[in-house]
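Written out below as C-alpha cells is the structure these notes cover.
Since every read-out is calculated from the coordinates, none of them should be taken as a lab result. Computed from a prediction, not measured in an experiment: that's the story for all the values here. All Cβ positions, glycine included, derive from the backbone under ideal geometry; neighbour counts span all protein chains shown.
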Amino acid sequence: MNTLAITKREVKKRYKPVDFKAHKGTQGHALIVAGSYGKIGAAVLSSKACLKSGSGLVTAFVPKCGYQILQISNPEVMTLTDVEEAFISNIHFDIKPQAIAIGPGLGQEQPTQKALYQFLKTNAIPLVLDADALNILSVNKDWLSLLQPKTILTPHPKELERLIGKWTSDEEKLAKTIAFSIQYDVIVVMKGAPTFIIDGEAVYENSTGNAALATAGSGDVLTGIITSLVAQSYKAVNAAILGVYLHGLTADIALPETGHHAFIASDIIDYLGKAFLTLENE
C-alpha cells in the first residue's frame, strides 16, 4: 500500500480552471437530498457549499418544512419538496443532475430508509453519501451492493465504525476501510485529523486543515463541495481529493482572523473563494 500526500502540487495536477466560455448549463447541475425537521440547516449548508464550489445549478430536495428556509437562506438554490412535512419519504425529481448527494440532516425514519432503498435500486447518477444515508446503510448492509461503482462515502469516525466494525489501532482501521472499499468498489473519505481518501488500494492523505474544522456542519459543507466537483465532471477520486484539500485550506486561511474557537461551518463556505484562488493565481 502506498500513501500519497494530498499537497498543492498534487491538487493542481487535477484542478480544472473554469472555461472562459462556460455558462450555468455547462458547469453541472447538482442535487442535494437532505434535511428533516430540526435539521434543515444541513441542507442549507450543503447546497450553498455546492454552489460556492462552482456548480452552475444546484437543487435541494427537502421535506416540506424546509421549503421557506431554503428559499430564504439560499435564493440561488432551487428547491423541491417531499410530500411529507418533517422527513423525506420518496426521492423523486424531474431534473437531470450530473451528481447527487444524499444524507446531511436526513434522519432515519422508516419511510426515509425505504425511500433510500428504492432510489438506490434504480439510480445510475454519480452519488455522494453522507451522514444518515451512511447510518441507514450500516443497519441495512445488504443495500451496499446496490451502490454504483466509485460512489463516494464520507463517514466521520463513528459512522465509519458502524459500516466496517470496531478497530483497535489506526492500522487496523485503515486495513478494514481498504477492504471495504475493494469489496464494494466505493471511495471512502475517512474524515479525521488528517483525512484520508481510500480508493481500493490507493490511499491519499490530506495535508490541509486544523482543529477549527471540528465544528457542527463541517461535514455537510464537505459533502456539498465534493458533490459540486463531481457535477462539474471531475473523476470521483479527484473530486474527493480536491474537495478535502479545499475544505481544509479554508480553515488554514481563516485561522489568523478567526482563531480556532470562532470558526464555524459557514466560514468554510465564506473562505472557499480564497481557497480556489490559491490554485488559480499562479
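Which distance in Å, rounded to a whole number, links the C-alpha centroids of segment 166-202 and segment 47-91?
Taking the Cα centre of each part, segment 166-202 and segment 47-91 sit 31 Å apart.
Straight-line reach from K48: which lysines have Cα under 20 Å away, leaving out those fewer than 8 places along the same chain?
Output for K48: K24, K39, K64, K96, K274.
Size of the dipole of segment 3-280 about the Cα centre, Lys and Arg at +1 and Asp and Glu at -1 on the beta carbon, nothing else charged, in debye to 20?
Dipole size: approximately 560 debye.
Helix-only mean residue ellipticity at 222 nm, the chain, DSSP H runs n ≥ 4 weighted -39,500 (n - 2.57), per residue, nearest 500. What is it?
Mean residue ellipticity at 222 nm (helix-derived): -13500 deg cm²/dmol.
Quick one: which residues, 5 or more positions from L153 or on another chain, have an amide H under 5 Å from its amide H? H modelled 1.01 Å from N in the peptide plane, none for Pro or chain starts.
HN-HN under 5 Å from L153: L129, I187, V188, V189.
Rank these for me by crowding, F93, F263, F180, going from fewest to most other beta carbons within 10 Å.
Taking fewest neighbouring Cβ atoms as first place, the list is F93, F180, F263.
Please list, in chain and number order, the residues 5+ apart from V58 or on another chain whose amide H is under 5 Å from its amide H, with Hs placed from the backbone.
Distant-sequence amide H within range of V58: A30, M78.
Can you give the charge dipole size of segment 1-152 about its Cα centre, rounded to the nearest 20 debye, using +1 on the beta carbon of Lys and Arg and -1 on the beta carbon of Asp and Glu?
With only Lys, Arg, Asp and Glu charged at Cβ, the dipole is about 900 debye.
Can you give the net charge of the other residues whose Cβ lies under 12 Å from the Cβ of G107, counting K and R as +1 and D and E as -1?
With Lys, Arg at +1 and Asp, Glu at -1, the neighbours total -3.
Within the set of other residues whose C-beta is less than 14 Å from the C-beta of I125, count the net charge using Lys and Arg as +1 and Asp and Glu as -1.
Result for the local shell: +2.
Ranked highest first by average number of other Cβ atoms within 10 Å, how do 40-53, 148-161 line up?
The packing order, highest mean first, is 40-53, 148-161.
Given M78, H23, A265, which one lies farthest toward the positive end of the charge dipole of the chain, if we put +1 on the Cβ of every Lys and Arg and -1 on the Cβ of every Asp and Glu?
The listed residue farthest towards the positive side: H23.
Over all distinct alpha-carbon pairs, what is the Kirkwood Rh of the chain in angstrom?
When all Cα pairs of the chain are included, the Kirkwood radius is 18.6 Å.
What shape does segment 1-63 take by its C-alpha gyration tensor, where a ≥ b ≥ c are the square roots of the eigenvalues and a/c under 1.5 counts as rounded, a/b above b/c as prolate, and the rest as oblate?
oblate
Just add up the charged neighbours of K24: K/R +1, D/E -1, any other residue whose Cβ is under 15 Å from the Cβ of K24.
The answer is +1.
Membrane-span-like helices in the chain: DSSP H runs reaching 15 Å or more (Cα, own axis), mean Kyte hydropathy at least 0.0?
What comes out of the filter, once short or polar helices are dropped, is 40-52, 218-231, 236-258.
So for each of 223-235, 266-278 I average, over its residues, the number of other beta carbons within 10 Å; can you give me the resulting order with the highest mean first?
Final packing ranking: 223-235, 266-278.
Evaluate the relative contact order of segment 3-280 (contact order divided by residue number), counting alpha-carbon pairs under 8 angstrom at least 6 apart; express in whole percent.
Answer for segment 3-280 is 21 percent.
Using modelled backbone amide H atoms (1.01 Å from N, in-plane), which distant-in-sequence or interchain residues come within less than 5 Å of A101's amide H?
Result for A101 returns L31, I32, V33, V128.
Can you give me the relative contact order of segment 150-227 as a percent, contacts being Cα pairs under 8 Å and 6 or more apart?
Computed value for segment 150-227: 26 percent relative contact order.
Assuming a ≥ b ≥ c are the square roots of the Cα gyration tensor eigenvalues, decide whether segment 144-248 counts as rounded (a/c under 1.5), prolate (otherwise, with a/b larger than b/c) or oblate.
It comes out oblate by the Cα gyration axes.
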